[in-house]
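Report on one structure; see the data block that follows.
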Protein chains: 2
Amino acid sequence: MGRGRVQMKRIENPVHRQVTFCKRRAGLLKKAKELSVLCDAEIGVVIFSAHGKLYELATKGTMQELIERYGKYTGGPPADEPMVEPMDAKKEIEMLKQEIEILQKGLRYMFGGGCEYMSLNELLVLEIHF
Amino acid sequence: MGRGRVQMKRIENPVHRQVTFCKRRAGLLKKAKELSVLCDAEIGVVIFSAHGKLYELATKGTMQELIERYGKYTGGPPADEPMVEPMDAKKEIEMLKQEIEILQKGLRYMFGGGCEYMSLNELLVLEIHF
DNA sequence: GTCTATGTATAAAA
DNA sequence: TTTTATACATAGAC
């Protein structure tokens, strides 16, 4: 890239190093975004500069979520709490939403006043829910 | 890169997508290594393929260490997350339950056929929910 | 995988 | 910064 080959070792000149860091950091993050979009992958990049400053990128959600997914993948649950509780909460939310759908369907049916929107079976199911 | 421009959107052809994923993934990891060496930075890259397979790179130590450093940097106690998220979930559950109550009340009213169980105001509120 | 033509990234310079 | 010359990455074809 550019005029002259690059030795794969730490750039000693601090100015050159800083300039290269900025340029390549931008390039790396761009490439990561592209890969994520083109291939539908979830990617996280974390960069700590030599001076300790953080640069990060997370495609598809937050870095925290990605870290959790990473933890899940690499080995069993590193912490039971964060694994079990959100699962239960999500499940409960899902069930509640389903119930709401059923109730809404029932109401639409009642207001509409016709059976065309609801089968007898669905009506029976509805009875259970109110 | 290569013969022809690339649209920055998901590659639909699964074969092309897989090939591109392999090539660009290798490229991304190489770039990350180079940046780390040239500029003395600590870098972590996590890639979940569309199929859920994990690819990772951590320069200067393990990914776990990097994640810990990240957690330290982003905001002291990582214990914040497990506190906030369950709160949101509980809030959502509460709201969903409230909605269910409203819908159930509406259904009881409709089936009962009388206004005695529901004020006009409550009826108006109900309308919003279905 | 390997091979190329071509598009990109970027080192150096301005 | 912006420009430029080159090295590099990679899409498409085997």
Study note, to complete from the structure: Rounded to whole angstrom, the alpha-carbon centroid of segment B:17-56 lies from that of segment A:1-32 at a distance of 17
Point to revise | Candidate lysines for bridging to B:Lys9, where Cα separation is under 25 Å - those fewer than 8 sequence places away on the same chain excluded | key: A:Lys23, A:Lys30, A:Lys31, A:Lys33, A:Lys60, B:Lys23, B:Lys30, B:Lys31, B:Lys53
Review point. Between A:Val15 and A:Glu65, what length in nm is gained on full extension when 0.36 nm per residue of separation is reduced by their alpha carbon distance?
Key: 14.4 nm
Practice item. Would you mind listing the distances between the A:Met95 label point and the same position in each other copy? Use 7 Å along Cα-to-C-beta, nm, one decimal, shortest first. Key: 2.1
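Any read-out appearing in this document is the output of simple, stated calculations on the displayed coordinates, not a laboratory observation. What you are looking at is a predicted structure, and each value in this text was computed from that prediction instead of being measured. Cβ sites come from the backbone with ideal geometry, for glycine too, and all protein chains shown count toward neighbours.
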